[in-house]
1. Considering A:76, A:64, which residue is part of a strand (DSSP E or B), touching a strand residue (DSSP E or B) at 6+ places or on another chain (Cβ under 9 Å) and either modelled with pLDDT of 95 or more or not assigned by TED's automatic domain parsing to the domain that holds residue A:437 (or both)?
2. State yes or no: is residue A:251 at pLDDT 95 or above, within 27 Å of residue A:408 (Cα to Cα) and in the same structural domain as residue A:313 (by TED's automatic domain parsing)?
3. Tell me, please, whether a residue that is closer than 21 Å to residue B:136 by Cα and touching a helix residue (DSSP H, G or I) at 6+ places or on another chain (Cβ under 9 Å) can be found in region B:171-182.
4. Hey, can you tell me all the residues within region A:296-321 that are part of a strand (DSSP E or B) and facing chain B (nearest Cβ under 10 Å)?
5. Scanning for something at the interface with chain B (Cβ under 7 Å from one of its Cβ atoms), touching a helix residue (DSSP H, G or I) at 6+ places or on another chain (Cβ under 8 Å) and farther than 30 Å from residue A:217 by Cα, does region A:322-330 turn up at least one residue?
6. Would you kindly identify the helices (runs of 4 or more DSSP H) lying entirely within region B:338-454 that contain at least 3 residues that are touching a strand residue (DSSP E or B) at 6+ places or on another chain (Cβ under 7 Å) and over 22 Å from residue B:124 (Cβ atoms)?
7. Going by the conditions given, is residue B:272 more than 24 Å from residue B:247 (Cα to Cα), assigned by TED's automatic domain parsing to the domain that holds residue B:429 and under 27 Å from the mean Cα position of the chain (by Cα)?
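The values are calculated or read from the model by the stated rules, or taken from the named source; none is laboratory data. Fair warning: this is a prediction, and the values are worked out from it, not measured in the lab. Heads up, the Cβs are rebuilt from the backbone with ideal geometry, glycines too, and the neighbour counts pull from every protein chain shown.
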C-alpha cells in the first residue's frame with residue numbers, strides 16, 4: 001500500500017472511531033460459561049501436550065479429537081485412559097474429517113496443533129462453524145491467509161488466539177513487569193529470535209521424533225513429516241513468534257503501537273546439507289537437495305513508536321538453544337544470553353552488568369506467584385508457560401472477554417513469516433506491515449498480564 | 001550503480017586481470033627502511049596514545065607533531081620530556097598548518113588522530129606530499145571522501161592503513177586462528193558493534209574528557225569538541241569499524257570476498273536528551289536539541305560469499321561496554337557477551353555452551369605469544385592491541401609490503417558510515433557497496449596475522 005493510500009485509510013478509520021466504536025466490526029464477546037467443551041485438532045507431539053493440559057483441568061471436557069496419523073491417535077487415547085478420562089470421539093478419516101468434528105453442536109472451542117499449512121484453513125472453518133480457536137503458533141502461510149483469519153473472526157464474532165507460550169515464560173513476565181514499572185525507561189530497542197538446532201527434528205528414522213535417520217516427508221515421524229519441506233522450499237523467518245510475542249507485549253503492539261516496516265537478510269544455507277553428509281547421506285537423493293532456507297535469517301522491524309526490533313531465525317546449525325532476548329530502554333537493559341541487567345543509577349557499578357536473578361525474583365509476575373507451582377507440575381511442560389498460555393485462552397473464552405493474544409495481535413506477529421520472505425526476495429528491501437486492525441490499534445488497550453489468574 | 005553496469009565493470013576488470021595484473025593501478029611498495037620518521041597530526045587523547053607508543057620504539061623518530069589545541073600540545077611536549085625524547089617541532093598555527101608539517105622532506109609517514117571530518121583531507125594531502133598514512137578509524141564523511149582517499153593512494157603509491165585496533169584484540173585474534181583452522185566450519189553469520197555509553201564523553205565541563213558539565217563544541221574538552229555534533233546532525237552507524245574490522249579479517253574481505261549490500265534501521269533518539277535533562281539541562285539551549293542519531297542503529301550486511309553480518313551502534317544509552325561479537329559457522333559459534341563457544345561434536349554436551357577461556361588460550365595468536373607481554377606493558381593501551389595495530393603499520397612501511405589493513409579494506413569498512421545514513425534516509429532500503437578495489441578483491445590474498453611479528 002502506498003503512503004498516501006495508507007494515510008487515507010488512517011484518516012477514514014480515525015473518523016469512524018470518532019463517530020463511535022460500534023460502527024467498526026469488532027470481535028463479539030462470547031457467553032460466560034463455567035465449563036468449556038474443547039476439541040483438539042492435531043494430537044501429535046504438540047497436540048498431545050495440549051490434550052494432557054486440558055485433561056488435567058476441571059473446567060474442560062474434551063469430547064472429540066482429530067488426527068490422520070494413527071500412531072498419534074493411539075497415543076492420545078492411551079493418555080486419556082491413563083488419566084481415567086472418557087475417550088473422546090476420534091476423527092481420522094482423511095484430511096477433511098476435522099470438518100465433521102467442527103459440525104458438532106456440543107463443542108465451544110478447538111485447539112489446533114497441526115502442520116503450519118493447515119492452521120489457516122482449519123481456523124477459518126472452525127470460526128465459521130461457531131467455534132473459538134486457540135491455534136498453535138503461525139497463523140498461516142501467506143499474507144492473504146492472515147487477512148482471511150482476521151476477517152473471519154470479525155465476521156463470526158469468534159475469538160482467535162495464537163498460543164504463543166513464550167509470552168508466559170517466567171523471566172519474560174518478570175521483565176514485562178519491570179518494563180511496565182518503568183525500570184528500563186522508555187523502550188528503545190528489543191531483540192529476540194528462535195535459535196534452536198532442529199537438525200535432528202528435521203530428519204529422523206520414521207520411528208522417533210529426533211534423529212536416527214535421514215527421512216523427511218511422509219516416511220518420517222512427527223515434525224519431519226511436514227516441517228522439513230518448509231526448509232527446502234522457503235527462505236524467511238519461518239518461526240518468529242517465540243521472539244516477537246513477548247516483545248509485542250512489552251511495546252504495547254496493537255495497544256497504541258504497531259509494527260510498521262520490516263527488512264530481512266538471509267545467510268547462505270549450509271547447515272542441513274552438512275548434517276545430511278555427516279550422517280551418511282552422501283549419494284542419497286537427500287544429499288542433492290538445495291535447501292532454500294538461509295541458516296541465519298535476520299529481520300529488522302521498526303514500530304510506530306520508533307522502537308527497533310531485531311529477530312533471528314537459526315534452526316539449521318549446531319548451537320545451544322537461545323531466544324536471545326534484549327530489552328533496552330533509556331534507563332537500562334536486560335539480556336538473557338548472559339542473564340544480566342544494567343539499570344542506570346541503580347546498578348552498583350557504572351558500565352557493569354549485574355546478574356538478573358534478584359530482579360527476576362523481585363519482579364516475579366502475579367500469575368506465577370499465585371499459580372506457578374500448579375503450572376509447573378509434572379506433565380505441564382516448559383516450566384509452566386504451556387499451562388499459562390492455554391489457560392489464558394480458556395479463561396478468556398469462559399469469561400467472554402478478549403483473549404490475551406487476540407486475532408489482531410496474533411496476525412501482526414505471524415505475518416512476519418511471509419513479509420520476511422518477500423523482503424528477502426526483494427534483496428532485503430523494506431516491506432510494510434498490513435494494519436489488520438484497520439486503525440483500532442491506536443485506541444485499544446492490552447489485557448495481557450494485568451491480573452493474577454490468566 | 002545498476003546491476004548491469006556492475007556486471008560490465010566486473011567483466012572489464014576480469015579481462016584486465018587476465019591480461020596481467022600490472023595493467024591495473026596498484027599501490028606501489030615503499031622502500032625498505034630500518035628506521036622511520038613519523039609525524040603525528042592530532043595529539044589529543046588518542047593521538048597522545050599513539051605518540052607515546054611511537055616514542056617507546058627504537059625504530060621510530062618523531063620530528064614533528066601538529067595540533068591546534070594548545071593544552072593538547074602542552075601535554076604532548078611534557079610526554080616527550082618525561083620519556084627523555086627530543087621535543088618535536090610543533091605545527092599549531094591554524095587548521096592548515098598540518099600542510100607545513102607535510103611539506104617537510106624528512107618525514108616518511110604520518111599518523112592522523114584528528115576529528116573525523118579532517119581524516120580524509122589530511123590523508124589525501126599527506127599522500128600527495130609523499131607520506132604513508134596510518135589514520136585513526138573512519139576514513140571520511142561521504143562516499144566520495146572514501147573514493148578520493150583510495151584514488152590518491154593508487155595515484156601516489158603511498159600506503160593508507162586505517163588503524164583499527166580491535167582487529168588485534170587478543171581474544172579476536174585467537175578466534176581468527178580458530179576460523180582459519182576451520183574450527184567453526186564454513187562461516188555463515190557474524191555480529192559485532194560498538195556499544196559504549198559515551199554520554200559523558202559527549203558532554204563535559206571544558207576541563208576534563210568525561211562529564212562534569214553539559215558543554216559540547218568549542219567550549220568543551222577533547223571528543224565533545226567535535227564528536228557530539230555528529231550525534232546532533234547525523235543518523236547512521238557512525239562508528240562501525242571496531243565491530244566490522246575483525247569480522248572483515250575472518251571472512252576474507254578484499255581477499256576473495258567483499259561486502260555487497262547493506263540495510264540499516266535506526267531507533268528513536270532518547271538517550272542524549274534524557275542525559276541532558278538528568279544533569280541539570282532543563283531550560284538550557286542544550287535541552288532543545290533534536291538529536292538526529294538514533295540511540296540504536298542496526299545494520300545488516302550481505303557478503304559476496306553470502307555470509308550475513310549484523311552491526312550495532314549504541315553510544316547514547318546507559319549500558320555496559322560490549323562489542324557483541326558472534327562468529328558462527330556450519331560447525332559452531334563463539335559469542336563474547338557470554339564468553340562462550342559451542343563446537344559440534346567437540347563440546348562435551350550437545351546443545352550446551354562451553355566457556356571460551358580454554359580455546360582462547362589454546363589458540364592464542366603467535367603475535368601475542370611472542371610479543372604479548374611487551375605489547376601489554378604500561379602505557380601501551382587496551383591490553384596491547386593499540387601497540388599491535390601501530391606496529392603493523394610501521395613494520396609494513398619499513399618492509400615495503402602491503403599494510404595489514406590496506407586502503408581497499410579500510411575504505412570498505414569505513415564506508416559503512418555514509419551507506420548506513422543513506423539506507424536510513426531511504427526508509428531502511430538496501431544500498432550497494434562500491435567496489436573500491438575495482439575487482440582486485442577477487443584475486444588478492446590477506447596478509448594480516450599470517451606471521452608472528454606484525
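1. Details: A:76 fails: part of a strand (DSSP E or B).
Criteria check complete, one pass: A:64.
2. Values: at pLDDT 95 or above: yes; within 27 Å of residue A:408 (Cα to Cα): yes; in the same structural domain as residue A:313 (by TED's automatic domain parsing): yes.
Against the criterion (at pLDDT 95 or above, within 27 Å of residue A:408 (Cα to Cα) and in the same structural domain as residue A:313 (by TED's automatic domain parsing)), residue A:251 qualifies.
3. Pass one, region B:171-182, residues closer than 21 Å to residue B:136 by Cα: B:172-173.
Going one step further and asking which of them are touching a helix residue (DSSP H, G or I) at 6+ places or on another chain (Cβ under 9 Å), we end up with B:172-173.
Yes.
4. Step one: filter region A:296-321 for residues part of a strand (DSSP E or B), giving A:297-303, A:308-314.
Selection gives A:297, A:298, A:299, A:300, A:301, A:302, A:303, A:308, A:309, A:310, A:312, A:314.
5. At the first step, the residues of region A:322-330 found to be at the interface with chain B (Cβ under 7 Å from one of its Cβ atoms) are A:328, A:330.
In the following step, the residues that additionally are touching a helix residue (DSSP H, G or I) at 6+ places or on another chain (Cβ under 8 Å) were identified as A:330.
Okay, now just the ones that are also farther than 30 Å from residue A:217 by Cα, so A:330.
The answer is yes, given that some residue of region A:322-330 is at the interface with chain B (Cβ under 7 Å from one of its Cβ atoms), touching a helix residue (DSSP H, G or I) at 6+ places or on another chain (Cβ under 8 Å) and farther than 30 Å from residue A:217 by Cα.
6. Details: elements: B:357-362, B:366-376, B:385-399, B:407-414, B:416-425.
Per the criteria, B:416-425.
7. Working: more than 24 Å from residue B:247 (Cα to Cα): yes; assigned by TED's automatic domain parsing to the domain that holds residue B:429: yes; under 27 Å from the mean Cα position of the chain (by Cα): yes.
Answer is yes for this residue.
Yes or no, residue by residue, for (1) over 30 Å from residue B:51 (Cβ atoms); (2) outside the structural domain of residue B:175 (by TED's automatic domain parsing):
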site: B:290; (1), (2): yes, no
site: B:297; (1), (2): yes, no
site: B:310; (1), (2): yes, no
site: B:315; (1), (2): no, no
site: B:361; (1), (2): yes, no
site: B:374; (1), (2): no, yes
